[in-house]
Amino acid sequence: MKKVNTVKSLIYDLFKDYRFVVAFIIICIFILLVILSFFSPYNPQRMYQVPSGLPPSFKYPLGTNWLGQDVFWQLTFAVKNSLIIALVTAFFSRIIAVIIGILAGYKGGTTDRVITTIGDTTMVLPFLIILIAISMILKDWTNNFFNLGILLAFFSWAWDARVIRSQVLSLREREFVKVAVLSGMPTIRIIRKQLLPHVLPIVFTTFINNMSWAIGMEITLAYLGLGIDPTVPTIGTMLQTAIYRQALFMGLWWWLLTPIVTAILLFVALYWISVSLSEYLDPRARFQRIGFGK
Amino acid sequence: MSEVLKTENLKAFYILEYWGEKRVIKAVNNVNLSIKQNEIYGIAGESGCGKSTLLKALLANLDPPLQLIDGKLFYKTNGDFIDVFSLTKKEIKNLRWSFISYIPQGSMHVLNPVKKVKDSFLEILESHIKAKDIKEYFDLMREHLKDLGLSPEILEAYPHQLSGGMRQRVVIALATLLHPQVILADEPTTALDVVAQRAVIQLLKDIQETFKNTIIIVTHDMGIHAQLTTRMSIMYAGKIIEEAPTQEIFKNPIHPYTKYLIQSLPKIGEKEQREGISGSPPSLIYPPPGCAFHPRCPEAKPECAEEEPKLIEVSPQHKVACFPN
Amino acid sequence: MEKVLEVKNLKKIYSIGSIFSKVKITAVDNVSFYINKAETFTLAGESGCGKTTTAKIILGFEEPTSGDIIIEDKPIQKNKFQDFRKKVQAVFQNPFESFNPLLTIDDIFYETVFNYKMAKNKSHAEEIINEKLKAVGLSFDEINGRYPTELSGGQLQRASIARSLLTNPSILIADEPVSMVDASLRMSIVNLFSKLKKETGLSVLYITHDLATAYYVSERIAIMFRGNIVEMGPVDKVLIHPKHPYTQLLIESIPEADPDKKWKRKISIADTEYTEYLKTGCKFAGRCQNVMETCKKEEPKEVTVDNVIVKCHLYNGRRA
């Protein structure tokens, strides 16, 4: 009963923020595109399925490209694939960040120092160069979205692990944690029940930020011709193919503009959701709200 | 003795809006004060009675969600009364530290933890006095500390290196740097142990005796009021319920709440059973009807729940808001 | 009388400072005391005297540099505190911080009951919780499903005490339990300790700097200064006829709620937290009214005068 109330009020409150509303609409549109991708009449990797080079019309809403593919249906797959990479990256890097951050913060001492050193090392590595190197050497391995996601996750857990660690460091000293110890709670339960709820808001907002970063990385790699097989549509590969095939030079502006506008909309939407969520979940505002509106 | 600060029917509420629902916290509800020069005025009351908000209002520090609902505040500078709420922000800012200054509850709220004490002092001096060079400022600082009996070495320390009691005295030195006419102290000794507390009270007394200014001190500790203040009032649920010279309050308390506050705390040497008052401090959002204290009052009568008693003078300088027996 | 808690020669040394200037502070210096069954014992002193550190060590949150803690005749071994947690519980200073603001209050009650296997099912657990709540004057409805922000400081502190009683402990460590509670509610909580002592034989280690409530509620008291116990004995003797100059200073400094009894003497306090810790000889020598030459050189030994243990050169050579 209580949980339903808070979810309803959460959504009601978030909708007061215009940023959240706009972002929400954009994300809904993207989700629609993802669903549509399952109904695509064309195989995205096949070429010359439709007449090439046609500008946007009623039959082809975003036009067709020079390779004889319908840009609209390409986009549905691109959005789906890019989001898959982003979700895999964000999911795994959050799990690593939370586990490591909490361990380092709660245990302290040598465990903390070892973990933090490892994390700091991954942060200072020139990851772009390493990503490029791995993509070149293990070309087939990185073609798989899942593998690419894991690789990207490896480079992005360290920062947020630090943030979580510092929060846990201060939480550890608070009296309710001492009371929890006196109540006989085993360490793992203390972490799950007492500490995690305080830490989760950060996890949510950094999840979304991480998604944005992953998409940006995917686009960068695709632009360099690395990572994903260029025939598989992602936002990055669509962009790369359009540039490589000189879409602008040929006057096929819709081919180039589609991935660019999509990328921009996606970044803005993700950013606005993360910002409005994190402002809403700010602990001070949260505590004032508990007990209100009963 | 002439007045230096007064309020008329001051009302300041916190207005909170969440989920379309409005909550109004009536922290300062129709307060009339008349503070004289050369006196130490105490305001006693427990947490949640509105006394900290009252100090904020006296400083004209009304930031949302705290809003001025009604009433006036006057300072007497250079012989005239000024209506403080009609001044511009800049004019109010000029008065701070020079006419009226504030000692907050936690000393770390005033001292910048990454700056040495002398730099905090310098900041205040530079914004109010134009001196020729830094040396003049430092001379001013050292002399002020000497006047207060504090060693000038503390200027070179960082706040966390000083003990709690010492920090609080530094904050007091800071507040009195420009010799203000009125000093507001909000629970200046709460986090301190007995000995440090005594040193802080001692300092405040010395300052008042030397500069002959006015100190308004807010604390729930009746012992401090007895040691320090010349006149005091008791606050409950946003209103003043009794006011009199300190001697009179302790010898002849009239309001049941005042009587309770004085008798409740144990003394060394006495082991008889003492009781707390039943119930808890009232909500400032939904205060009880009539007299706010009536649900907990051992002497409550039927009219106490219906009508709010007004603050009337029952003997020279002794005012109380309670229906007589 | 059986001893419920015994502390023997407890020492805790902290090193603070940076790589370039390390300073060793002896926060707890050779502290020994004991508490009997159904006795309230006060550990009093200024902030920074070591009383909270001692409490942390007894509760197992800090490890001592040396010394023993003995609970009901069994010494606590390193890292085996869980065995003793049932018998030793605590109540802390800030009632609002003692409960996780994101969880309901009854949550930690159920946790305690089930973790220590005090009940087999939920209804049995509720019975036990209800019993303890009644003992502190709270009703089940007042805490059921409520968040900490919905209750007042006084109610929360009572809930804290109720939670600590769930395991039927032999001793309750109360660290400044009423300093953050309103004056009008303070006495009811202090009276609660006396009531629990009479009804269940609970011992309380009462840590405070408020000597008036200490006098009211405890039988014996130890005064701590900068890590040492300087005076210890029955409350009547120590607080009414204090022997150590520091105890005298403490008692004199309590502001009396009587405008005719004002302080006459002026006092001085330490400038920084650590200067007094690093002195040789008696640490109080810098502020002591009765200071002598030996005080600055030699640390005073413990002597027993009139059933009170004092650590002061003034009493050297005197035997009770």
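Nothing in this text is a laboratory measurement; each read-out follows from the coordinates by a stated rule. All of these numbers come straight from a predicted model, not from anything done at the bench. Heads up, the Cβs are rebuilt from the backbone with ideal geometry, glycines too, and the neighbour counts pull from every protein chain shown.
Computed from the C-beta positions of residue B:147 and residue B:38 and an R0 of 25 Å, the FRET efficiency is 0.90 to the nearest 0.05. Longer than 25 Å from Cα to Cα, which of B:146/C:264; C:12/C:237; C:12/C:296; A:16/B:26; A:178/C:86; C:51/C:264 are they? Say none if no pair is. Checking Cα-Cα distances, C:12/C:237; A:16/B:26; C:51/C:264 exceed 25 Å. Put in line by how crowded their Cβ is, counting other Cβ atoms within 10 Å and starting with the fewest, B:90, B:36, C:134 read B:90, C:134, B:36.
Backbone amide hydrogens, once placed in the peptide plane, bring residue B:185 within less than 5 Å of B:103, B:216, B:217, B:218, excluding anything fewer than 5 places away on its chain. Simple spin-label estimate for residue C:70 and residue A:112 gives 3.5 nm between the two label positions (7 Å along the Cα-to-Cβ direction from each Cα). In this calculation the C-beta distance from residue A:172 to residue C:198 is compared with R0 = 30 Å, giving a FRET efficiency of 0.20.
Using a cutoff of 8 angstrom between alpha carbon atoms and counting only pairs six or more residues apart, the relative contact order for region C:103-167 works out to 47 percent.
With the convex hull drawn over the C-alpha atoms of chain C, the volume per residue is 164 Å³.
When only C-alpha pairs under 8 Å and at least 6 residues apart count, what is the relative contact order of region B:1-101, in percent? Worked out over region B:1-101, it gives 32 percent. Its convex hull of Cα atoms gives the protein assembly as shown a direction-averaged projected area, equal to a quarter of the hull surface, of 48.9 nm². For residue B:239, the shell of other residues with beta-carbons less than 13 Å away shows a net charge of +2, using +1 for Lys and Arg and -1 for Asp and Glu. Taking amide hydrogens as placed 1.01 Å from N in the peptide plane, the amide H of residue B:236 sits under 5 Å from those of B:241, each at least 5 positions away in sequence or on another chain. Using θ = phi - 60° in the Karplus curve 6.51 cos²θ - 1.76 cosθ + 1.60, the 3J(HN,Hα) couplings for region C:276-282 round to 6, 5, 8, 6, 8, x, 6 Hz; x is entered for Gly and Pro. Over all other residues within a Cβ to Cβ distance under 12 Å of residue C:70, the charged ones net out to -1, with Lys and Arg as +1 and Asp and Glu as -1. May I ask you to derive the FRET efficiency for residue B:179 and residue C:6 from their Cβ-Cβ distance with R0 = 45 Å, giving the value to the nearest 0.05? That gives a FRET efficiency of 0.20. Given 10 °C and 1.306 mPa s, how large is the Stokes-Einstein diffusion coefficient of region C:147-268 in µm²/s, with Rh as the Kirkwood radius over Cα pairs? My calculation gives 98 µm²/s for D.
Bridging of residue B:301 to lysines at a Cα separation below 18 Å is possible for B:259, B:310, once same-chain residues fewer than 8 apart are set aside. Cross-link partners of residue C:243 among aspartates and glutamates, defined as those whose alpha carbon lies under 16 angstrom from its own and excluding same-chain residues fewer than eight positions apart: C:231, C:252, C:302, C:306. For region A:79-105, the residues whose amide N sits under 18 Å from a probe point set 7 Å from the Cα of residue A:120 along the beta carbon direction are A:100-105. Taking other C-beta atoms within 10 angstrom as a stand-in for reagent exposure, C:263, A:73 fall in the order C:263, A:73, fewest first. Pair-distance distribution P(r) for region C:103-167, from all Cα-Cα distances in 5 Å bins starting at 0: 4, 20, 34, 26, 13, 3, 0 percent. When A:28, C:295 are sorted by how many other C-beta atoms sit within 10 angstrom of their C-beta, beginning with the fewest, the order is A:28, C:295. Per residue of peptide C:188-195, the mean number of Cβ atoms on other chains within 10 Å of the residue Cβ is 2. Cross-link partners of residue B:36 among aspartates and glutamates, defined as those whose alpha carbon lies under 12 angstrom from its own and excluding same-chain residues fewer than eight positions apart: B:3. Our summary of shape: the Cα atoms of region B:3-229 have principal axis extents of 52, 40, 39 Å, ordered from largest down, in whole angstrom. Projected label points at residue B:130 and residue A:28, each 7 Å from Cα along the beta carbon direction, are separated by 6.2 nanometres. Electrostatic bookkeeping for residue C:281 treats Lys and Arg as +1 and Asp and Glu as -1; over the other residues with beta carbon under 14 Å from its beta carbon, the sum is +3.
Farthest toward the positive end of the dipole of chain B, out of B:298, B:175, B:217, is the Cα of B:175, where the dipole comes from beta carbon charges about the Cα centre.
Only DSSP H runs of four or more residues enter the estimate; each adds -39500 (n - 2.57), and after division by the residues of chain B the mean residue ellipticity at 222 nm equals -9000 deg cm²/dmol. Here the simple spin-label model places points 7 Å from the Cα toward Cβ, and for residue B:21 and residue C:63 these points are separated by 5.0 nm.
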